[in-house]
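A.B. asks: Dumping the structure here so I can ask a few things about it.
The values are calculated or read from the model by the stated rules, or taken from the named source; none is laboratory data. What you see is a predicted model; the values in this text were computed from it and never measured. Methodologically, a virtual Cβ is constructed for each residue, glycine included, from the backbone with ideal geometry; neighbour enumeration extends over all protein chains shown.
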């Protein structure tokens with residue numbers, strides 16, 4: 001990839017941390033952004049635990065609550081909950097879904113994890129994905145209802161109980177569930193009581209079809225670099241769960257869209273022309289919920305810099321809710337809800353002055369507003385493990 005000038009921009013890790021806090025609307029929560037704007041700026045929001053996604057989005061908005069996120073999902077349908085990076089559940093702006101599904105389709109599929117006697121052929125995979133999309137075209141179905149419809153449309157072979165699942169075996173077709181999401185044939189619908197439902201996103205976005213592959217890959221890569229850059233092809237591959245060789249080739253093919261820089265003397269890339277950095281170093285404290293802290297790491301993983309000191313041994317091995325202190329991980333926290341009450345425990349791994357402890361109190365109060373609960377803060381050790 002050729003440089004656009006003889007002078008390659010050089011940045012410090014401190015500048016990168018300040019930029020990320022700014023790009024994620026953490027240093028200054030947005031007054032004007034809607035939930036879908038926030039999710040777009042994050043290049044997707046991890047939603048394996050929806051309450052954590054609601055908090056992650058709310059923290060980036062000045063006065064939103066979890067109800068604003070739910071409204072965007074289920075009433076306005078400006079957000080869609082589906083399978084995304086690394087096959088995990090994410091939120092995406094509905095308007096961008098054609099770009100994301102085209103990009104996911106362009107990523108080489110990982111090696112099959114199931115034994116040969118369980119795996120589908122390519123023809124069976126296509127048949128099941130089509131059946132899922134057809135079954136959900138005008139419906140919101142629970143997993144059991146969807147299973148009946150898929151088996152009815154394909155054949156008894158799709159219902160063979162061969163996939164190890166929770167407390168039993170799942171039918172063979174379930175191995176294509178996340179793939180149907182990545183192909184734009186399935187997304188999550190509103191819960192029916194305690195039961196999850198699925199539907200077809202074309203109900204919310206009529207005429208849904210994958211975008212042009214090059215435009216889609218450009219969108220996903222530049223969105224990633226805007227949110228997490230500067231970054232390398234290896235870091236992008238890790239974030240997207242793509243082969244490193246493929247990521248290297250993608251960066252090379254989109255060279256005109258990218259610009260080389262250096263971070264602490266090491267090469268990295270940003271979107272062309274996107275070299276602005278905040279003037280001030282990262283300051284302040286932030287309490288990031290489950291998976292948000294993981295995304296903060298996995299987007300541009302430099303463990304020795306992002307997890308300094310005790311944080312590397314205490315926080316890095318698990319999926320904890322993290323305390324960010326001046327742009328890097330300085331502790332962890334836990335919440336336990338009981339009705340309208342929310343007990344929050346913050347374990348700082350660096351000394352906190354009086355002003356910093358007061359700032360933590362303000363952050364906890366804001367969490368209470370977002371989650372519509374009355375919080376109580378305790379400074380002390382977190383005794384529970386990380387989220388699975």
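A.B. asks: Filter segment 223-237 for residues that are crowded, with 19+ Cβ neighbours inside 10 Å and in contact (Cβ under 8 Å) with a residue 40 or more places away in the chain and give the result. Step through it out loud before you land on a result.
C.D. replies: Filtering segment 223-237 down to residues crowded, with 19+ Cβ neighbours inside 10 Å leaves 223-225, 227-233, 235-237.
Within segment 223-237, 223, 224, 225, 227, 228, 229, 230, 231, 235 meet the criteria.
A.B. asks: Looking at (1) on the phi < 0 side of the Ramachandran plot; (2) surrounded by 22 or more Cβ atoms within 10 Å (Cβ to Cβ), can you tell me which one residue 184 breaks?
C.D. replies: Against the list (1) on the phi < 0 side of the Ramachandran plot; (2) surrounded by 22 or more Cβ atoms within 10 Å (Cβ to Cβ), residue 184 comes up short only on (1).
A.B. asks: Still on this structure: Can you tell me which residue in segment 5-23 is nearest to residue 370 (Cα to Cα), limited to those that are out of contact with any strand residue (DSSP E or B) (no Cβ under 9 Å at 6 or more places or on another chain) and buried (at least 20 other Cβ atoms within 10 Å of the Cβ)?
C.D. replies: By that ranking, first place goes to 20.
A.B. asks: Could you tell me which residue of segment 62-77 is farthest from residue 207 (Cα to Cα), considering only residues that are in contact with a strand residue (DSSP E or B) (Cβ under 8 Å, 6 or more places away or on another chain) and surrounded by fewer than 20 Cβ atoms within 10 Å (Cβ to Cβ)?
C.D. replies: First, pick out the residues of segment 62-77 that are in contact with a strand residue (DSSP E or B) (Cβ under 8 Å, 6 or more places away or on another chain): 62, 68-69, 72-74.
Okay, now just the ones that are also surrounded by fewer than 20 Cβ atoms within 10 Å (Cβ to Cβ), so 62, 68, 74.
Working: 62: 35, 68: 27, 74: 19 Å.
Of everything passing the filter in segment 62-77, 62 is farthest from residue 207 (Cα to Cα).
A.B. asks: Kindly provide the set of residues from segment 365-388 that are over 25 Å from the mean Cα position of the chain (by Cα) and buried (at least 16 other Cβ atoms within 10 Å of the Cβ), ordered by number.
C.D. replies: First, pick out the residues of segment 365-388 that are over 25 Å from the mean Cα position of the chain (by Cα): 374-381, 383.
Answer for segment 365-388, where residues must be over 25 Å from the mean Cα position of the chain (by Cα) and buried (at least 16 other Cβ atoms within 10 Å of the Cβ): 375, 377.
A.B. asks: Of all residues in segment 78-90, how many are surrounded by fewer than 16 Cβ atoms within 10 Å (Cβ to Cβ) and either over 10 Å from the mean Cα position of the chain (by Cα) or closer than 21 Å to residue 34 by Cβ (or both)?
C.D. replies: Residues in segment 78-90 being surrounded by fewer than 16 Cβ atoms within 10 Å (Cβ to Cβ) and either over 10 Å from the mean Cα position of the chain (by Cα) or closer than 21 Å to residue 34 by Cβ (or both): 1 in total.
A.B. asks: Continuing with this model, one more query. With the requirement that a residue be under 18 Å from residue 195 (Cα atoms) and touching a strand residue (DSSP E or B) at 6+ places or on another chain (Cβ under 8 Å), what does segment 140-157 give you? Before the answer, list the steps.
C.D. replies: Pass one, segment 140-157, residues under 18 Å from residue 195 (Cα atoms): 140-149.
Answer for segment 140-157, where residues must be under 18 Å from residue 195 (Cα atoms) and touching a strand residue (DSSP E or B) at 6+ places or on another chain (Cβ under 8 Å): 140, 141, 142, 143, 146, 147, 149.
A.B. asks: Among the residues of segment 97-120, how many are surrounded by fewer than 21 Cβ atoms within 10 Å (Cβ to Cβ) and touching a residue at least 12 places away in the same chain (Cβ under 8 Å)?
C.D. replies: At the first step, the residues of segment 97-120 found to be surrounded by fewer than 21 Cβ atoms within 10 Å (Cβ to Cβ) are 105-120.
Checking the rest, the ones that are also touching a residue at least 12 places away in the same chain (Cβ under 8 Å) come to 105-108, 110, 114, 117-120.
Residues flagged as surrounded by fewer than 21 Cβ atoms within 10 Å (Cβ to Cβ) and touching a residue at least 12 places away in the same chain (Cβ under 8 Å) within segment 97-120 amount to 10.
A.B. asks: For residue 51, work out the one condition from (1) within 15 Å of the chain's Cα centre (by Cα); (2) surrounded by fewer than 21 Cβ atoms within 10 Å (Cβ to Cβ); (3) in a loop (DSSP other than H, G, I, E, B) it doesn't fulfil.
C.D. replies: (3)
A.B. asks: Which residues, taken from segment 73-108, are modelled with pLDDT of 95 or more, assigned to a helix (DSSP H, G or I) and within 18 Å of residue 196 (Cα to Cα)?
C.D. replies: Matches in segment 73-108: 73, 74, 75.
A.B. asks: Let me ask something else. Give segment 125-170 a look and list any residue that's farther than 24 Å from residue 204 by Cα, touching a residue at least 12 places away in the same chain (Cβ under 8 Å) and over 28 Å from the mean Cα position of the chain (by Cα), or say none.
C.D. replies: Within segment 125-170, 151, 154, 157, 158, 159, 160, 162 meet the criteria.
A.B. asks: Now for a different question. State yes or no: is residue 34 touching a strand residue (DSSP E or B) at 6+ places or on another chain (Cβ under 9 Å) and at pLDDT 95 or above? Steps first, please.
C.D. replies: Values: touching a strand residue (DSSP E or B) at 6+ places or on another chain (Cβ under 9 Å): yes; at pLDDT 95 or above: yes.
Answer is yes for this residue.
A.B. asks: Going by the conditions given, is residue 220 free of Cβ contacts under 8 Å to residues at least 40 places away in the same chain and either under 22 Å from residue 87 (Cα atoms) or in the same structural domain as residue 359 (by TED's automatic domain parsing) (or both)?
C.D. replies: no
A.B. asks: Within segment 332-344, does at least one residue satisfy the condition of being within 24 Å of residue 304 (Cβ to Cβ), surrounded by 19 or more Cβ atoms within 10 Å (Cβ to Cβ) and not assigned by TED's automatic domain parsing to the domain that holds residue 56?
C.D. replies: First pass over segment 332-344, keeping only residues within 24 Å of residue 304 (Cβ to Cβ): 332-333.
Now narrow it down to the ones that are surrounded by 19 or more Cβ atoms within 10 Å (Cβ to Cβ): 332-333.
Next, from what is left, pick out any that are not assigned by TED's automatic domain parsing to the domain that holds residue 56: 332-333.
Checking segment 332-344: at least one residue is within 24 Å of residue 304 (Cβ to Cβ), surrounded by 19 or more Cβ atoms within 10 Å (Cβ to Cβ) and not assigned by TED's automatic domain parsing to the domain that holds residue 56.
A.B. asks: Okay, moving on. Take segment 161-202 and flag every residue that is within 17 Å of residue 73 (Cβ to Cβ) and assigned to a strand (DSSP E or B).
C.D. replies: Within segment 161-202, 187, 188, 189, 190, 191, 192, 195, 196, 197, 198, 199 qualify.
A.B. asks: Hey, could you check segment 258-273 for residues that are surrounded by fewer than 17 Cβ atoms within 10 Å (Cβ to Cβ) and either in contact with a helix residue (DSSP H, G or I) (Cβ under 8 Å, 6 or more places away or on another chain) or assigned to a helix (DSSP H, G or I) (or both) and say which is modelled with the highest pLDDT?
C.D. replies: Top of the filtered list is 272.
A.B. asks: Answer yes if at least one residue in segment 360-372 is without any contact (Cβ under 8 Å) to a residue 60 or more places away in the chain and touching a helix residue (DSSP H, G or I) at 6+ places or on another chain (Cβ under 9 Å), and no otherwise.
C.D. replies: The initial filter retains those residues of segment 360-372 that are without any contact (Cβ under 8 Å) to a residue 60 or more places away in the chain, namely 361-362, 365, 368.
Filter once more, so that each one left must be touching a helix residue (DSSP H, G or I) at 6+ places or on another chain (Cβ under 9 Å): none.
No, segment 360-372 has no match at all.
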